[in-house]
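The values are calculated or read from the model by the stated rules, or taken from the named source; none is laboratory data. Quantities reported herein were computed from a predicted structural model and do not represent experimental measurements. Quick reminder, even Gly has a Cβ in these numbers, built from the backbone with ideal geometry, and neighbours come from all protein chains shown. Remember, those area values only see protein heavy atoms, side chains included, never the ligands or the DNA or RNA. Shrake-Rupley method; radii C 1.70, N 1.55, O 1.52, S 1.80 Å.
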Amino acid sequence: MLKDFSPKQFQYFTESDARLNIAVGAVRSGKSHVILERFAKELYTWDKLDIHEYPFVVSAKSERTCQTNVIDPMKHLFGNALSHNQGKGYFTLFNQKVLIVGASDERAETKIRGATFAGALVDEITILPHSYFRMLLSRLSVDNAKLFGGTNPDSPLHWLKTDFLDKLSEDPKQLKHFKFNL
């Protein structure tokens, strides 16, 4: 699959090794696909290391959005390797449990309060509540836990830019920011 990646997708896939790995850019620039592939690689890596103690999490504005933007495309990519237990709110891929969490408002942070995650995939970060994103980062407390996420451009005053992209981009162990163009 790597041979089909654009140069920017290849860069994201091979260099997204920070705690937060965020792709920002135009619609249809290939962000979502490479984020799914990179997240799957992370699940596969943890499985090969035989680490299964903590779940991963996928978040978007709603559980339906998680289904449409993450689970359905991953089913297309990985077929029967992905087992979805819709009634219980999770799926498994490469023997890793992945919780599905919709975050439509400020109360969403209570859904993950007290949890511990080994990693996360976040779809359209800028439309999630700030409080949820902060709680999610605090829940990524397992050694080497990583967040893979993407978003379309937003206001230069948006909390993602001011609180994370501007402040953490000095430390490549904390954040890597990938800009996608058409």
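For the range 21-52, name all the residues that are open to solvent by 70 Å² or more (accessible area, probe 1.4 Å), touching a residue at least 24 places away in the same chain (Cβ under 8 Å) and outside any helix (DSSP H, G or I).
Of everything in the range 21-52, those that are open to solvent by 70 Å² or more (accessible area, probe 1.4 Å), touching a residue at least 24 places away in the same chain (Cβ under 8 Å) and outside any helix (DSSP H, G or I) turn out to be V27, R28, H52.
Taking only the range 141-172 into account, find how many residues are open to solvent by less than 40 Å² (accessible area, probe 1.4 Å) and touching a strand residue (DSSP E or B) at 6+ places or on another chain (Cβ under 6 Å).
Number of matching residues: 8.
Please count how many residues of the range 100-110 are within 15 Å of the chain's Cα centre (by Cα), over 17 Å from K75 (Cβ atoms) and either open to solvent by 10 Å² or more (accessible area, probe 1.4 Å) or aromatic (F, W, Y) (or both).
Residues flagged as within 15 Å of the chain's Cα centre (by Cα), over 17 Å from K75 (Cβ atoms) and either open to solvent by 10 Å² or more (accessible area, probe 1.4 Å) or aromatic (F, W, Y) (or both) within the range 100-110 amount to 1.
Looking only at the range 111-123, count every residue that is surrounded by 18 or more Cβ atoms within 10 Å (Cβ to Cβ) and in a loop (DSSP other than H, G, I, E, B) and tell me the total.
Of the residues in the range 111-123, 3 are surrounded by 18 or more Cβ atoms within 10 Å (Cβ to Cβ) and in a loop (DSSP other than H, G, I, E, B).
Could you list, in sequence order, the residues of the range 116-146 that are in contact with a Leu (Cβ under 7 Å, 6 or more places away or on another chain) and within 20 Å of S29 (Cα to Cα)?
V122, I125, T126
Please tell me if K97 is assigned to a strand (DSSP E or B), open to solvent by 70 Å² or more (accessible area, probe 1.4 Å) and more than 20 Å from K176 (Cβ to Cβ).
yes
Answer yes if at least one residue in the range 61-72 is of a type outside the set (K, R), assigned to a helix (DSSP H, G or I), more than 25 Å from L175 (Cβ to Cβ) and open to solvent by less than 30 Å² (accessible area, probe 1.4 Å), and no otherwise.
The answer is yes, given that some residue of the range 61-72 is of a type outside the set (K, R), assigned to a helix (DSSP H, G or I), more than 25 Å from L175 (Cβ to Cβ) and open to solvent by less than 30 Å² (accessible area, probe 1.4 Å).
Tell me whether the range 154-173 contains one or more residues that are part of a strand (DSSP E or B) and either more than 23 Å from T14 (Cα to Cα) or at pLDDT 95 or above (or both).
no
Which condition from (1) among the hydrophobic types (A, V, I, L, M, F, W, C); (2) under 19 Å from A18 (Cβ atoms); (3) touching a Ser or Thr at 6+ places or on another chain (Cβ under 8 Å) is the one that A145 breaks?
Against the list (1) among the hydrophobic types (A, V, I, L, M, F, W, C); (2) under 19 Å from A18 (Cβ atoms); (3) touching a Ser or Thr at 6+ places or on another chain (Cβ under 8 Å), A145 comes up short only on (3).
Checking Y132 against (1) buried (at least 21 other Cβ atoms within 10 Å of the Cβ); (2) within 13 Å of the chain's Cα centre (by Cα); (3) among the hydroxyl-bearing types (S, T, Y), which single condition isn't satisfied?
Against the list (1) buried (at least 21 other Cβ atoms within 10 Å of the Cβ); (2) within 13 Å of the chain's Cα centre (by Cα); (3) among the hydroxyl-bearing types (S, T, Y), Y132 comes up short only on (2).
From Y54, Y44, grab the single residue that is among the hydroxyl-bearing types (S, T, Y), in contact with a Phe, Trp or Tyr (Cβ under 7 Å, 6 or more places away or on another chain) and within 24 Å of F5 (Cα to Cα).
Answer to the check: Y44.
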